[in-house]
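Laboratory data are not the source of any read-out in this text; all were calculated from the coordinates shown. Because the structure is a prediction, the values reported are computed rather than measured. Note that we place each Cβ from the backbone using ideal geometry, even for glycine, and neighbour counts take in every protein chain shown.
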Amino acid sequence: MIPPDVREVATASDAARARRAAARLTAALEVPGVERARFLTALTERLRRCLDGDGAELALTVEAPGPDGTARIQATVRPLPAGGPASPWRLAVPCPGPVPGSLAHPADPDEPASTDAVLAADEETAAVLRRLDEVEELLRLHREELHQTNQGVLALHTELDSAALVQRGLLDAERATRGEAEKARRLLTFLTDVSAAVTASLDHEDILRRLADRLVPDYASQVGVWLFDGNEAATGGARPAAAVTAARTGRPQHAGRHPGGLPGTEDLPPSALSPGRPVLCIPLGVRRILGVLTLTAPGDRFDADTGVMLVELARRIAVALENALRYEQHRDTAETLQRAQLTDLPAADGLRLAARYLPATRGLNIGGDWYDAFFQPDGSLLTVIGDVTGHGLHAAVVMGQLRTALRAYAVDGAGPAEILTRLHRMLRHQQPDLYATATIARFRPGDPQVTWASAGHPPGVVRAPRGAVRVLGSKPGVMLGVPVPFTHRDHTTGLEPGSTLLLYTDGLVERRSRGIDTGIELLGRALAALDESALEDLDLCAESLVEPLVHASERDDDVCLLLCRSVPPQGGAPAADGRRRGRLTGVPRPARAFGERPSPR
């Protein structure tokens, strides 16, 4: 390390020479102007402070370059006297220039030293000012750049705000669209569910009840349906003026204090029957107007989308009602036709009869089951039970044809087998697509035996006076109408007084959950379980046999039952025409139908 340049500073001249030496040293070692001015200014200020006291000792030291290759100039100021309480002051500045071999004390007089120091200070000040100008210019450029950046940031924020507003608008629109879509889905689901519920029924009262249950309270506070009788409006009860207008014009009407704005709906003044809430009256019609659906709003108004849904629902309700009313008309006509075919049972000497007929609980409630009982010219009594395949008007018409043909063949005195053979031949040629089963039993006056024949029909069951039950097990003939020629055969069985012959159709004994053989076995048990005294009332016995075997909820087929009970004759000789006197006792009594529907209006 180079020996330090040590100077004693006791006067201002000493301080000036010391500063000048430091200035030359920093200049020689190429210390940058700003760092040099800072170094010399700080050193001068420290020396001035020391002059206020007893002076100071200045040591200028040049330290060898460190690991980074840069040397340093260090100034150490020790206040005099040495060893005082004040600690030394040190300041260092890096110098990139070459390090000199030694530091020499200048010998310049005071005046030139002072002048040079002043000039040197001005040069340093000028260097600092030039550097300051450069810094200010650079700062100005930075400020201008910062201003431009700020402007860009402000523009970016503006764009971001605008984008945020647009995004918020899009989100609101998407939320509204989703709400509308969810509302539309809910309305469509409701429309589908209600349509499925009402179209599943063919009872117009049930349809109206289901409709009211679904609409209240979400879509209407009150629901009323004004059905017309035929093409004329039914009278009775106060009707809103909007309902009358809807019936007259065939267009939906809205009555309220304010216009409803419902698509396809006309606005009217508020209804006197509902002044506080709007009323929507929709005509029920497809090909013709069946009535008017009147809805009272659940709130202050009807929603536009809900109004559209209600109009469409009314159209579907009209279709369901028209189908139900048409079905009910066909059903009543068919039942009237079918019941007209069911004969009043005659009362014969030595034989008592009772019958039951129950229509199926599904479909038109009509089918081809029938029973009949009548006398032949020779006084014999024929009892018949039969079943035409299928249901509906066609089956009922064919059943009527068979019944008429059977009576015509019986007039000639034909027996059960011959009658069935002729029916089989007739049905093959006239109704090749329909088949039928039948059993005919012939009772002759005074004969303890009964002659019978069967065409594919379930076998009859006989109950002896003491309760023993047997099934007429002879193999039945083929069904009537099957495309094969066949001749039926007669069979006989004993029927002593007090015995009961039960004839029935398969609807009584056959179920999806069990076979027909099981049903026949259950029927035999039920017949055997009857008390002998109970058999005196055959009508009650018929009901007792039907109830345990038939449930209204599971009746897929018609049920027909005919009871023939042999009793001791009351006497009387045969007439000249072969008939027994007294075989008719009083007015013929019609057979009651257990559980039958009320007669059609």
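Report, to the nearest 10°, how far helix 110-199 tilts away from the longest principal axis of the Cα atoms in the chain, using its own Cα long axis and a range of 0 to 90°.
0
Once you keep just the Cα pairs under 8 angstrom separated by 6 or more residues, what percentage relative contact order results for the chain? Let's see the in-between values first.
Working: 1028 pairs, mean separation 63.1, N = 601.
Relative contact order of the chain: 11 percent.
Roughly speaking, what is the stretch gain from Leu129 to Ala468, that is 0.36 nm per residue apart minus the C-alpha to C-alpha distance, in nm to one decimal?
107.8 nm
Between Ala272 and Thr492, what is the label-point separation in nm under the 7 Å Cα-to-beta-carbon projection?
Result: 8.4 nm between the two label points.
Give me the extension gain from Leu188 to His330: residue separation times 0.36 nm, minus the current Cα-Cα distance, reported in nm with one decimal.
So the extension gain works out to 47.8 nm.
How long is the gain from Glu312 to Arg175 if the chain were fully straight, where each residue apart is worth 0.36 nm and the alpha carbon distance is subtracted?
In short, 46.6 nm is gained.
Give me Tyr357, Tyr409 ranked fewest to most by other Cβ atoms within 10 Å of their Cβ, as a rough exposure proxy.
Tyr409, Tyr357
I'd like the Karplus ³J(HN,Hα) series for the range 501-512: coefficients 6.51, -1.76, 1.60, θ = phi - 60°, whole numbers in Hz, and an x wherever there's a Gly or Pro.
Along the range 501-512, the couplings run 9, 10, 10, 7, 9, 5, x, 7, 10, 9, 9, 5 Hz.
Roughly how many debye, to the nearest 20, is the charge dipole of the chain about its Cα centre, given +1 on each Lys and Arg Cβ, -1 on each Asp and Glu Cβ, and no other charges?
3620
Tell me what the chain gives for mean residue ellipticity at 222 nm when only DSSP H runs of n ≥ 4 count, each as -39,500 (n - 2.57), the sum divided by the residue total, rounded to 500 deg cm²/dmol. All intermediate terms of the calculation are to be shown ahead of the outcome.
Numbers: 10 runs with 244 residues, N = 601.
Dividing the helical sum by the residues of the chain leaves -14500 deg cm²/dmol.
Which Cα, out of Ala314, Leu268, Val478, lies furthest along the positive dipole direction of the chain (beta carbon charges, K/R +1, D/E -1)?
Ranked along the dipole, the leading option is Val478.
What FRET efficiency would be calculated for the residue pair Glu145, Ala64, taking the C-beta separation as r and a Förster radius of 30 Å, to the nearest 0.05?
Working from the Cβ atoms, E equals 0.10.
Between His429 and Asp378, take the C-beta separation as r, use R0 = 35 Å, and let me know the FRET efficiency to the nearest 0.05.
On the way: r = 29 Å, r/R0 = 0.83.
E(calc), rounded to 0.05, equals 0.75.
Hey, what angle do you get for helix 516-528 against the long axis of the chain, alpha-carbon based, 0 to 90 degrees rounded to 10?
Taking the Cα atoms of the chain, the angle to 516-528 is about 60 degrees.
So how do Leu211, Leu51, Leu202, Leu165 line up by other beta-carbon neighbours within 10 Å, fewest first?
Fewest-to-most ranking of Leu211, Leu51, Leu202, Leu165: Leu165, Leu51, Leu202, Leu211.
Which residue, chosen from Ser195, Val9, Thr493, occupies the Cα position most advanced towards the positive end of the dipole of the chain, where the dipole is computed from +1 (Lys, Arg) and -1 (Asp, Glu) charges on Cβ about the Cα centre?
Thr493
Which value in nm describes the separation of the simple spin-label points at Ala238 and Leu165, placed 7 Å from the Cα toward the beta carbon?
Here the answer is 5.6 nm between the modelled labels.
Going 7 Å from the Cα of Ala10 toward and past its Cβ, which residues in the range 29-54 have a backbone nitrogen under 12 Å from where you end up?
54
Report, in degrees rounded to the nearest 10, the 0 to 90 angle that the Cα long axis of helix 416-430 makes with the longest principal axis of the chain.
50
Report the calculated FRET efficiency for Ala200 and Glu532 (r = Cβ-Cβ distance, R0 = 45 Å), to the nearest 0.05.
Rounded to the nearest 0.05, the efficiency is 0.40.
Got a sec to turn the phi values of the range 288-301 into Karplus ³J(HN,Hα) couplings, 6.51 cos²θ - 1.76 cosθ + 1.60 with θ = phi - 60°, whole Hz, x for Gly and Pro?
3J(HN,Hα) across the range 288-301, in whole Hz: 8, 7, 8, x, 9, 9, 10, 10, 9, 4, x, x, 7, 7.
Would you calculate the separation in nanometres between label points at Glu137 and Thr518, each defined as 7 Å from the Cα along the Cα-to-beta-carbon direction?
For Glu137 paired with Thr518, the spin-label model returns 11.4 nm.
Quick check on the exposure proxy: order Lys475, Lys183 from fewest to most C-beta atoms within 10 angstrom.
Lys475, Lys183
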